[in-house]
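Before any comments, here is the structure.
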Amino acid sequence: MSALDITLSPEETNELKRRIRSATIPQREGRRARIILLAAEGGTRDNIARLTGFSCPTITHWCQRFQVHRLDGLVDKPGRGRKSSLPAETVRGVLEQVTRPRSGEPRWSCRMARAAGISSTPVHELWAVNDLKPHLTRTFKLINDPQFEEKFWDVIGLYLAPPDKALVLCRDEKSQVQA
């Protein structure tokens, strides 16, 4: 068979070589980059198929796609793969609820799955995809003291304008209580 007609710029050659060596991109993209480099070096479909383990139609497909889309054509198109089986309302509900724990609880746990009516695996997957970590959420108690604001500004005033030649001590009235 004849050689494939692919011409590369120096930048494209460097990028394809980087993709082949990369440990962070998907392996399939590295293998596609190898097909293009071999084709640019004058390899035939049969020769490239023997070296890469791909079929001739697959090699033709990726070479044609590269000629049209260049480097962007070697990446999978968006929207490929298994679609979520969860309804959009359920996903939206889980993502909204994670920011608002149930009353009496400091944060959500995998029990959210039971409340949402789904298994714990999709809840953990949604948390991971959206970089949510409810177990690391820190909470605070709102103080219902009617004099809180006055006390608050007294303490802030000490920080903003400390008194001259005076020692300011702070004592916690109730230790072990989150304030």
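The values are calculated or read from the model by the stated rules, or taken from the named source; none is laboratory data. Remember, it's a predicted structure, so these values are computed and weren't measured experimentally. Cβ coordinates were reconstructed from backbone atoms using ideal geometry, including for glycine residues, and neighbour counts include every protein chain displayed.
Points worth noting:
- When the stretch 39-53 is filtered for residues that are surrounded by 19 or more Cβ atoms within 10 Å (Cβ to Cβ) and of a type outside the set (Gly, Ala, Ser), the ones remaining, listed by number, are Arg45, Ile48.
- Close contacts from the stretch 75-87, counting a first residue that is farther than 24 Å from Thr24 by Cα and a second that is among the β-branched types (Val, Ile, Thr) and surrounded by 10 or more Cβ atoms within 10 Å (Cβ to Cβ), with Cβ to Cβ under 9 Å and a gap of 6+ residues or different chains, come to Ser84/Val91; Leu86/Val94; Leu86/Ile118.
- Those residues of the stretch 30-74 which are in a loop (DSSP other than H, G, I, E, B) and without any contact (Cβ under 8 Å) to a residue 24 or more places away in the chain, in sequence order: Glu41, Gly53, Phe54, Ser55
- The selection criterion, being in contact with a Leu (Cβ under 9 Å, 6 or more places away or on another chain), in contact (Cβ under 8 Å) with a residue 24 or more places away in the chain and surrounded by 11 or more Cβ atoms within 10 Å (Cβ to Cβ), does not hold for Ile20.
- The stretch 93-179 holds helices (runs of 4 or more DSSP H) entirely within its bounds, and those carrying 3 or more residues that are under 21 Å from the mean Cα position of the chain (by Cα) and at pLDDT 70 or above map to 120-129.
- Condition check for Arg80: closer than 30 Å to Pro122 by Cα, of a type outside the set (Ser, Thr, Tyr), in a loop (DSSP other than H, G, I, E, B) and out of contact with any Asp or Glu (no Cβ under 7 Å at 6 or more places or on another chain): yes
- Qualifying residue in the stretch 80-91 (condition: modelled with pLDDT of 90 or more and outside the structural domain of Pro122 (by TED's automatic domain parsing)): no
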